[in-house]
Structure formats: structure tokens, C-alpha cells
Amino acid sequence: MNFLEERIVKDGVVKSGNVLKVDSFLNHQMDISLMEEIGREFKRRFGHKQVDKVVTIEASGIGIAAFVAKEFGVPLVFAKKSKSINIDGDMFVAEVESFTHKNKNQVIVSRKFLHEGEHILIIDDFLANGCALQGLISIADSAGAIVEGCGIVIEKGFQIGGRVIRNMGYHVESLAIIDAMDAETGNITFREQ
Ligand code: G4P
């Protein structure tokens, strides 16, 4: 097991409905030493690529992506979620549907912060159905930016997102891929990588 899988086993809580709570160390209370380690690990995995910017989506992605951006020495841009349909032409916009929350958000990035020909690394905390990643990829496409890869902290391998994004040809690196989890026993099965 790698450092993240060990931490998930120690402090993650499996809830019914295939939900993994990691709010004691990842997406509510954050363990900053762990964030630093995550930042270093993504640098190790994507360090051979050109990365001009790290891109994520609010809210939970931001804290993690900040440590990745620090490792690469580049800016972090986060897409904002917006309910408003009144978005002016200064923004790149994509629609993102959340299966977990059963709602739709528009995600927006200002045209000031994403440019044609920029190489970006997308970072997010969870990859489940892949809607958030597809939204970010669509915004990158609108900008003419080049997606060098997607770094995910926890991929739920039994949901379709990872397969869909890899089949689109993107390089996805997930620090932990969960193939199964059991709310009754608390057991978590990680994919061998
Ligand atoms: P998708 O983006 O991969 O399609 O995921 P989905 O719509 O299924 O998930 C919606 C939200 O739920 C996302 O956060 C995602 O990170 C989160 N999520 C999905 N599965 C789990 C899980 O097992 N545990 C936890 N803790 N979160 C999960 P969000 O609400 O869009 O973002 P944020 O504002 O919380 O960052």
C-alpha cells in the first residue's frame, strides 16, 4: 500500500451508497503534511511533462492542487461553480452534472487565466463518474489549452469516470483506485497499480 492507501485505511470511513468519507484528512479538515506528500507524488508522476498551469474545480480540489502547483512552480487556476445562466463572454463555460448531489452547475473560468497553447495539469480529489473532469477538459478545449494529464487523489474504480476519461486518450494518474468497498465491514479493496 502507498502512503495514501494507508491513510484511507486508517482514517477513511465507508458509508452506505458507496461513499467514502475522507473529511478528517482530505476534504474538510486537511492534513497539510499529507497534502505536501500528494504534491510531491504528482510532481514525480508528471514531472517529465510540460506544465504551465495547474487547473482544478472548487471547492475540495483547491487545497490539494495548491500543493501540486507549488511543486511545479506554476499558477493554480480553479474553475468556479455558478448557478447563474447570465455569464458574459469573458468566461469559458461548461455544464457539470453531479450524480452524487443530483444537481447541475455551470463551471466557469475567466478567459484571462487560460490561453491557447498552454499546457495544463488537471487535479481533483475524487474521480467518480467523471463529470467534473469532463467539464474541465471541455473548458481546456474551448481555450485551446493542452491537457497533459489528470491527477486524481482517489478514484472510485467501480464508477465509470476513470474508464471514460482514459478511453478519451487522457493520461490519468490516481494515487488510490478503489475497486470495492463495504459499508458493513469497512473493508476497502484497492486496485494493484
Ligand atoms: P464526478 O465529478 O466524478 O462525476 O463525481 P460525482 O458527480 O459522482 O460526484 C460529485 C461530488 O461528490 C464531487 O464533489 C466528488 O468529488 C464527490 N464524491 C464522489 N464520490 C465521493 C465519495 O465517495 N466520497 C466523497 N467524500 N466525495 C465523493 P463536488 O461536490 O462536486 O465538489 P466539492 O465542492 O465537494 O469539492
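A few points about this structure:
- Ranked order, 115, 101 - accessible area, probe 1.4 Å, largest first: 101, 115
- The stretch 3-190, accessible surface, carbon-and-sulfur percent (1.4 angstrom probe): 48 percent
- If you run the Gaussian network model on the chain, springs between alpha carbon atoms under 10 Å, then out of 61, 73, 157 the most flexible one is 73.
- Inter-probe distance in nm under a simple model that places probes 7 Å from Cα toward Cβ, at residue 167 and residue 62: 3.4 nm
- Using alpha-carbon coordinates, inclination of helix 60-72 to the longest axis of the chain, degrees: 70 degrees
- Overall form of the stretch 99-155 per C-alpha gyration tensor (a/c, 1.5; a/b vs b/c): oblate
- Cα gyration tensor, the stretch 28-94 - rounded (a/c under 1.5), prolate or oblate: oblate
- Counting only protein heavy atoms and a 1.4 Å probe, the stretch 1-117 has 58 square angstrom of accessible area per residue.
- Only beta bridges with both residues in the stretch 3-190 are counted; by DSSP, about 45 percent of them are antiparallel.
- The chain: angle of helix 32-46 to the longest principal axis, Cα-based, in degrees nearest 10: 70 degrees
- Sparse packing (at most 12 other Cβ atoms within 10 Å of the Cβ) combined with a DSSP loop state is found for the following trypsin sites (Lys or Arg not before Pro) in the stretch 1-108: 83, 102.
- Residue of 14, 109, 55 that the Gaussian network model of the chain assigns the largest fluctuation, springs spanning Cα pairs under 10 Å: 14
- The stretch 60-193: relative contact order in percent, alpha carbon pairs under 8 Å with at least 6 residues between: 19 percent
- Given 10 as the ceiling on other Cβ atoms within 10 Å, longest exposed-site-free region of the chain for GluC sites (Glu not before Pro) in DSSP loops: 1-115
- Qualifying trypsin sites (Lys or Arg not before Pro) for the stretch 136-193 [loop in DSSP, other Cβ within 10 Å: at most 16]: 191
- Just so you know, the averaged projected area of the alpha carbon convex hull for the stretch 3-190 sits at 10.1 nm².
The values are calculated or read from the model by the stated rules, or taken from the named source; none is laboratory data. Remember, predicted model here, so these are calculated numbers, not experimental data. As a convention, Cβ positions derive from the backbone with ideal geometry for all residues, glycine included, and neighbour counts pool all protein chains shown. Note: accessible area is taken over every heavy atom of the protein model, side chains too, but ligands, DNA and RNA are not part of it. Shrake-Rupley method; radii C 1.70, N 1.55, O 1.52, S 1.80 Å.
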